Structure formats: C-alpha cells, structure tokens
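Worksheet: the structure to be examined is printed underneath.
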Amino acid sequence: MTPPAQLPLDLGHRPALAREDFLVAPSNEVAVAWIDRWPDWPANALALFGPAGSGKTHLCQVWRQASGAIQIDADMLRSDEPPAYLGDPEGGVRACVVEDAAGCLSAEPEVARRLLHLYNMMLERRGFLLLSDREAPARWDCPLADLRSRLSGMQAAALGEPDDALIEAVLVKLFADRQLPVNAEVVRFVSARIERSFAAARRVVAAIDRMALAKRRQITVPLARAVLQDMDASQETEDRT
C-alpha cells in the first residue's frame, strides 16, 4: 500500500553564504577578485551586476562579513537625515551594502537623493559602499544628475551566466544547503535539462525537495524527471494563458 503523501511545509532553509562556499568560475571570477581585494579598492564604491541567482547576494554577504557592513534597503533610505543607523561620524558605520539598488532608485525620487547622501557620507568617512543589481550602474534609471554621474563612473564587476561545470557544482551546493543527499547521476541528469542560470537551478532544486518530501521518496533520476515534466507542463499552461 502506498503511504499517503506528506504535506510539504515551506519552512525555508539557510543557504551557505561563507566565502569558502562560493563557487568561483570564469563567469564570476572578476567579481570575486574585487570582493577579495577589499579594502584595497581604487575608490570607495563598487557595484556588482548580473542576472538573478548569479551570486550577487552571496558575494554581498561575504563582503558584509569581511567589512562589518550594514545592509540598507529602500525603507531605510526613506528615513530621516542624517540617518541614525549610520551612527556618529567618528565611531559610526563605515561600510554599507545596498542590494537591488536600481529598484531602490525607482521607488520614489526622494530615495535617490538619500542614496546620494549615503554615497557622500561614506566618502567623507573614508568608508565603503557596495551596490548590486541586474544591470550595470551606468544603465540604472536615476533622476539625479549628481548621482547619475557617480554611478556612471563607478567601478563595476559583472557576474555572468554559468557554464555546464558550474551549473553542476551549483546544483550540488543547493542540494547540500537543503541537506538533501543526491548522487552524481541525478546532478548530471538535471543539469543537462535546465536552462543555464542559477535561478533555474534554484527553482528545480526547490521543486525536487518539495516532491521528495510530499512523496516520502529519495531523490532519484525518475523523481527528478517527474519534477521537470511537471515544471514543463506548468510553463506550457502559463504560455497558453
């Protein structure tokens, strides 16, 4: 008798985001080199850019751990000036990270002015600012000429789409992050059938995890095949609507 399916609870998982967990490849080695080079940057600001899931957040977290930086989002940029979260000029914050920076700029014009203020405060304190988004900073839609000028001249490092070897390594890491045992045959099977992107790898690993839990089965090639077929069917349905 087949046991009843278990309801998969979306409890999330904690990805491994230490420096030693980051997988270096030709598609990201320049960005990694810039992060490792800190604090020997030629200027106080650096931007990372690349497609979703290419490793920007991981590298930002690596840099946060190394620099003691604080994470700043659009809500914090809307706060009163001077921002209290930066502390006093002498003993306050000297390193900040802003992810989805272009999205912050598009939130409202005032946020752009606050980001410019943050940039200038880090410069005055001889501190550092790390920005990230999908596009290079010179292509961000910025309403302020002064900030637009700084973004256009900012050092930027790209993270590209991964090659086959990196996709396989990323799949292994994603399964390990979820503490899911898989063999090399499963990894090769999945890698050969998904698009070349970290985002696709993350989606398929999450879907495999859900099905394995729901069916109370080990992760095998047949299970992975069933997941990919379900994902393809869902995509075809979306395409028709």
First in the range 55-74 and of a type in the set (Lys, Arg), second anywhere and open to solvent by 30 Å² or more (accessible area, probe 1.4 Å), Cβ under 6 Å, 6 or more apart = none
Within the range 167-218, which residues are of a type in the set (Val, Ile, Thr) and open to solvent by less than 20 Å² (accessible area, probe 1.4 Å)?
-> ILE167, VAL170, VAL186, VAL187, VAL190, VAL204, VAL205, ILE208
Residue set ASP133, ASP146; condition surrounded by 21 or more Cβ atoms within 10 Å (Cβ to Cβ), modelled with pLDDT of 90 or more and among the acidic types (Asp, Glu); output residue ASP133
Taking ARG225, is it open to solvent by 60 Å² or more (accessible area, probe 1.4 Å), touching a residue at least 40 places away in the same chain (Cβ under 8 Å), in a helix (DSSP H, G or I) and on the phi < 0 side of the Ramachandran plot?
-> no
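Listed here are the residues, each with its yes/no results for (1) of a type outside the set (Val, Ile, Thr); (2) closer than 24 Å to GLN61 by Cβ; (3) surrounded by fewer than 20 Cβ atoms within 10 Å (Cβ to Cβ).
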| site | (1), (2), (3) |
| --- | --- |
| CYS104 | yes, yes, no |
| GLU108 | yes, no, yes |
| ASN120 | yes, no, yes |
| LEU123 | yes, yes, yes |
| LEU159 | yes, yes, no |
Looking at (1) open to solvent by less than 60 Å² (accessible area, probe 1.4 Å); (2) under 26 Å from ALA47 (Cα atoms); (3) not hydrophobic (A, V, I, L, M, F, W, C), can you tell me which one GLN155 breaks?
-> (1)
Pick from the range 17-76, criterion farther than 14 Å from GLU99 by Cβ and charged (D, E, K, R), ranking: most open to solvent (accessible area, probe 1.4 Å) | GLU20
Just give me the residues in the range 40-59 being assigned to a loop (DSSP other than H, G, I, E, B), more than 8 Å from the chain's Cα centre (by Cα) and not aromatic (Phe, Trp, Tyr), in sequence order.
-> ASP40, PRO42, ALA43, ASN44, GLY50, PRO51
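The values are calculated or read from the model by the stated rules, or taken from the named source; none is laboratory data. All figures in this text were calculated on a predicted structure; none of them were measured in a lab. Virtual Cβ from ideal backbone geometry, glycine too; neighbours counted across all protein chains shown. Just so you know, the surface numbers come from the protein's heavy atoms only, side chains and all, with ligands and any DNA or RNA stripped out. Shrake-Rupley method; radii C 1.70, N 1.55, O 1.52, S 1.80 Å.
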